[in-house]
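Presented below is the structure to which this report refers.
The values are calculated or read from the model by the stated rules, or taken from the named source; none is laboratory data. Keep in mind it's a predicted model, so treat the numbers as computed, not measured. With ideal geometry, Cβ positions are generated from the backbone for all residues, glycine too; neighbour counts draw on all protein chains shown. Each accessible area value is taken on the protein alone, full model and side chains, heavy atoms only, with ligands, DNA and RNA left out. Shrake-Rupley method; radii C 1.70, N 1.55, O 1.52, S 1.80 Å.
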Amino acid sequence: MKNNGLEDVIAAETRLSDVDGEAGRLVIRGVSLDLLVERATYEDAAALLLDGFLERAVTAADLKVRLGQARAEVFAHVRAADAALLSLPPVDAMRALIARLPDGEDFETTLRLLAAPAVFLPAVLRLQKGETPVAPTPSLSQSADILAMLNASLPTREQVAALDAYLVMIADHGLNASTFASRVVASTGAGLTSSVLAAISALKGPLHGGAPGPVLDMLDAIGSEDNAKAWLGQALDRGERLMGFGHRIYRVRDPRADALKGALRPLVMTGQVDPDRIRLAEAVEQAALAILRERKPDRPLDVNVEFYTALLLDALKFPRAAFTGVFAIGRTVGWVAHAREQALEGRLIRPRSVYVGPLPQAA
Ligand code: COA
């Protein structure tokens, strides 16, 4: 019971996604991850996840139009970003703006929640640099518009494809900590905005979605391929964890790592990423895997989603402090779908604890 991370506890039944940690396989609503990333846009994946959980049917084409309108609608809330809010880390500032949105369980609430992080994060990043936020362009896809709002220019085809692949890839992933948080809140009947706020709060920790920024810090600190082995050895000697490695469920390579590497390729081939950065990352990955095998022979530790996420988001010019916020943009649809599934089919989640404190003194 002590230090229990609930690893063997089944806490929900879901039709949304399945993570097979032994085989290194992720299935989203019956579709394997590689196929989904190859064939689906963000809007396709969102429609797939939400199918059957809202009061009306949703197609990807419909979602594209309605999401464009929702981005324009939520942009009005950017005005509420005052100096105190903008002094917060980007993910916290984004969460504070989302907290202003009304709660609810319907399609309109869902649209606002999918649009809000996509609009608020680029706006917060620009305001924090002293720049004017860029209004959304409703006719663009969600991925293209995020990049347009971030950089105040139209993104390249390769950039849009890379962000789209990333958002699809992280849209859902079983009962991870943030998704569980979303379901716990949904089980009380609190509403989707509350579920998403709880989920963002769980996501931002370094053991969940807060790792990709530190992955880049690690690559910067290592600096060159020759230094990788020594630097990693010293980090482990200090008792540190290597960011971007290890996973609660996967005992093999996280399937999303190679899918992300694949999504980076067109950017590399068209000269939109520094090839030295990729070479260094590959060398660090190999050195880390070798040293983890040596130091932790009983615990299979492989690369996880955060390692190549860091490279992809860096290539798309997101500042590293914003990486967790971009993760939230992609995962919100998973949180909403799980919250709806819980609200429709589950019961109040209320586990028990074992009391180990003092007993009252007899009078
Ligand atoms: N670097 C070094 N050692 C690691 C490690 C890492 N990244 N991840 C796990 N370990 C070691 C632990 O120190 C522990 O060793 P010990 O038994 O000798 O103390 C053992 O592996 C088991 O770790 P545990 O904390 O029980 O695993 P977990 O399932 O709770 O942790 C993570 C999963 C993801 C939290 C963990 O692997 C981690 O902290 N990784 C780095 C952060 C990261 O990349 N997060 C993003 C996750 S997608």
Helices (runs of 4 or more DSSP H) wholly inside segment 78-179 that include at least 2 residues being over 23 Å from residue 36 (Cβ atoms) = 83-86, 90-98, 107-128, 142-151
Residues (buried (at least 16 other Cβ atoms within 10 Å of the Cβ) and in a helix (DSSP H, G or I)) located in segment 264-276 | 264, 266, 267, 268
Would it be correct to say that residue 153 is open to solvent by less than 40 Å² (accessible area, probe 1.4 Å) and among the hydroxyl-bearing types (Ser, Thr, Tyr)?
-> no
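Residue by residue, here is whether (1) surrounded by fewer than 16 Cβ atoms within 10 Å (Cβ to Cβ); (2) at pLDDT below 95; (3) part of a loop (DSSP other than H, G, I, E, B); (4) charged (D, E, K, R) holds:
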{"site": "6", "(1), (2), (3), (4)": "yes, yes, yes, no"}
{"site": "9", "(1), (2), (3), (4)": "yes, yes, yes, no"}
{"site": "49", "(1), (2), (3), (4)": "no, no, no, no"}
{"site": "61", "(1), (2), (3), (4)": "yes, no, no, no"}
{"site": "74", "(1), (2), (3), (4)": "no, no, no, no"}
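Is it fair to say residue 43 is under 16 Å from residue 110 (Cα atoms) and assigned to a loop (DSSP other than H, G, I, E, B)?
no
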Got at least one residue in segment 283-304 being within 17 Å of the chain's Cα centre (by Cα) and under 16 Å from residue 256 (Cα atoms)?
-> yes
Verdict on residue 356 being free of Cβ contacts under 8 Å to residues at least 12 places away in the same chain and surrounded by 13 or more Cβ atoms within 10 Å (Cβ to Cβ) = no
Take the residues of segment 180-195 that are assigned to a helix (DSSP H, G or I) and among the polar types (S, T, N, Q): which is nearest to residue 104 (Cα to Cα)?
-> 193
Filter segment 230-248 down to the residues that are near the ligand (Cβ under 8 Å from one of its atoms) and among the hydrophobic types (A, V, I, L, M, F, W, C), then identify the one that is nearest to residue 174 (Cα to Cα).
-> 245
Return a yes/no flag: does segment 82-100 have any residue that is touching a Lys or Arg at 6+ places or on another chain (Cβ under 7 Å), closer than 20 Å to residue 191 by Cβ and open to solvent by less than 50 Å² (accessible area, probe 1.4 Å).
-> no
Give me the pairs, please: first residue somewhere in segment 226-242 and under 13 Å from residue 294 (Cβ atoms) and of a type in the set (Phe, Trp, Tyr), second residue anywhere and part of a helix (DSSP H, G or I) and more than 8 Å from the ligand (Cβ to nearest atom), beta-carbon distance under 8 Å, and either six or more positions apart or on two chains.
-> none
Looking at segment 287-338, which of its residues are surrounded by fewer than 18 Cβ atoms within 10 Å (Cβ to Cβ) and within 15 Å of the ligand (Cβ to nearest atom)?
-> 289, 290, 293, 294, 295, 296, 297, 298, 299, 300, 320
Boolean, residue 261 is away from the ligand (no atom under 14 Å from the Cβ), within 30 Å of residue 153 (Cα to Cα) and surrounded by 18 or more Cβ atoms within 10 Å (Cβ to Cβ) | yes
With respect to residue 328, is the statement that it is farther than 17 Å from residue 95 by Cβ, assigned to a helix (DSSP H, G or I) and touching a residue at least 60 places away in the same chain (Cβ under 8 Å) true?
-> no
Would you be able to tell me the number of residues in segment 207-254 that are in contact with a strand residue (DSSP E or B) (Cβ under 8 Å, 6 or more places away or on another chain), buried (at least 20 other Cβ atoms within 10 Å of the Cβ) and farther than 21 Å from residue 328 by Cβ?
-> 2
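Conditions (1) touching a Lys or Arg at 6+ places or on another chain (Cβ under 7 Å); (2) at pLDDT below 95, marked per residue:
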| position | (1), (2) |
| --- | --- |
| 305 | yes, yes |
| 308 | yes, yes |
| 317 | no, yes |
| 321 | no, yes |
| 325 | no, no |
| 333 | no, no |
| 338 | yes, no |
| 343 | no, no |
| 348 | no, no |
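Taking segment 123-144 as the search range and keeping residues that are hydroxyl-bearing (Ser, Thr, Tyr) and touching a residue at least 12 places away in the same chain (Cβ under 8 Å), which one is nearest to residue 167 (Cα to Cα)?
In this case the residue turns out to be 143.
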